[in-house]
Amino acid sequence: MEIRGPLHAMAIGIVCAAACTQALAAAASESVLAAARNKASSCLARDFDGLSFRDPYLTYVYPDEKLPAPASDPGLTYRAVDADIMLAFLEREKNVPTALRAAVKRADQVLRELPGAWRGRGFSNTRRGSRVDGVALDTFCIVGWLEGDKSMAEAAAQALDGDGWLPEGLYDGEERFRRDADEAWCLRLLASGSAGVPAPARRVLDRLVSDFRITRQEDPSGRQAFYAAYHLGFLLEDSQGLGEALDPAALSEELGQAINAWAAARPPGHEPASDILEWANLAASKLRYSGASDLRGRAVEILLRYQHEDGCWRVPGARPPEAGSSFLTLRALLALSS
């Protein structure tokens with residue numbers, strides 16, 4: 001089973017739409033945001049070679065990687081798909097900078113071909129029926145949701161095993177939140193073709209909510225609780241995401257309380273650079289809860305503070321130093337777009 005690095009959580013996240021206009025206005029003037037977006041676009045354009053980004057994080061290929069690829073891009077890798085997903089979300093914001101139009105166009109072409117390339121290939125990391133030449137569950141479900149592909153939703157539903165898809169212990173340590181994150185995307189895929197989470201998948205939803213509550217009790221202001229709340233919030237971004245399974249308004253407030261607790265543990269003006277990925281995700285979240293607008297405004301201010309003069313954002317302690325820069329810059333650009 002392939003296990004991917006911590007930055008990949010941002011693609012699960014990757015991949016949300018940009019923060020609402022009101023939150024951005026509270027954080028900085030539109031002229032400041034426009035300048036930051038233009039600089040970020042120039043940073044990304046310099047790293048794009050016409051086919052992909054040169055970022056060492058995005059060019060990395062896992063030793064056991066066997067991703068089925070379309071004929072137009074036989075060398076496609078998981079991390080290249082991560083970048084394509086980010087570009088697809090940027091396109092959805094209808095605010096694609098001129099410098100990135102070629103990259104967005106290519107991403108759109110690749111993503112449109114993936115449902116056909118992955119049809120019938122199965123999954124590489126599920127606890128039932130996994131196969132070495134299958135597709136990782138999270139990537140499959142995100143692409144399926146983006147493309148609105150009913151056959152991919154059906155494939156995900158057929159792979160469901162009781163209260164989940166993935167085996168316990170697939171991720172550990174700081175990455176253990178990723179099991180629930182991956183499965184939240186699959187619930188979103190299944191819910192997108194029906195009036196909420198279908199009955200067979202309700203056990204998964206119940207388990208994710210239970211996991212979130214347990215994690216929040218164990219470490220209220222920790223990274224695990226933050227991402228448990230963040231990824232559950234994906235389901236609430238769709239008006240029918242939960243159907244009648246839970247009270248969306250009550251759950252939104254509960255998730256918001258966890259996110260607020262995480263932020264409150266980081267004094268304003270002294271937020272460590274090591275949390276920049278979380279602030280980028282927070283700025284891009286559309287989850288509604290008490291204090292959400294102010295908190296997103298704060299997140300935008302933090303992003304602006306950590307943008308480098310060349311327009312890029314960089315991952316603290318990355319080796320080589322540029323590893324993850326384009327990935328993080330894409331994430332930040334989405335958060336600053338509306």
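The values are calculated or read from the model by the stated rules, or taken from the named source; none is laboratory data. In this text the structure is predicted, and so the values were computed from the model without any measurement. A quick note on method: Cβ atoms are made from the backbone with ideal geometry, for glycine too, and the neighbour counts reach across all protein chains shown.
Among the listed residues Leu170, Leu137, identify the single one that is touching a strand residue (DSSP E or B) at 6+ places or on another chain (Cβ under 7 Å) and either over 19 Å from Leu255 (Cα atoms) or surrounded by 22 or more Cβ atoms within 10 Å (Cβ to Cβ) (or both).
Leu137
Per-residue answers, yes or no, for (1) touching a residue at least 60 places away in the same chain (Cβ under 8 Å); (2) farther than 16 Å from Leu190 by Cα; (3) touching a Gly at 6+ places or on another chain (Cβ under 6 Å):
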site: Leu111; (1), (2), (3): no, yes, no
site: Pro115; (1), (2), (3): no, no, no
site: Arg121; (1), (2), (3): no, yes, yes
site: Asp138; (1), (2), (3): yes, no, no
site: Cys141; (1), (2), (3): no, no, no
site: Glu147; (1), (2), (3): no, no, no
Which of the residues that make up segment 228-253 are in a helix (DSSP H, G or I) and either under 16 Å from Arg179 (Cα atoms) or at pLDDT below 90 (or both)?
Ala228, Ala229, Tyr230, His231, Leu232, Gly233, Phe234, Leu235, Leu236, Glu237, Pro248, Ala249
Does Trp313 satisfy being closer than 28 Å to Ala35 by Cα and surrounded by 14 or more Cβ atoms within 10 Å (Cβ to Cβ)?
yes
Considering only segment 44-58, I want to know if a residue exists there that is at pLDDT 95 or above, of a type in the set (Ser, Thr, Tyr) and under 25 Å from Gly134 (Cβ atoms).
yes
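Of the residues in segment 298-317, how many are small (Gly, Ala, Ser) and at pLDDT 95 or above?
2
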Quick one: how many residues across segment 94-136 are among the aliphatic types (A, V, I, L, M) and assigned to a loop (DSSP other than H, G, I, E, B)?
3
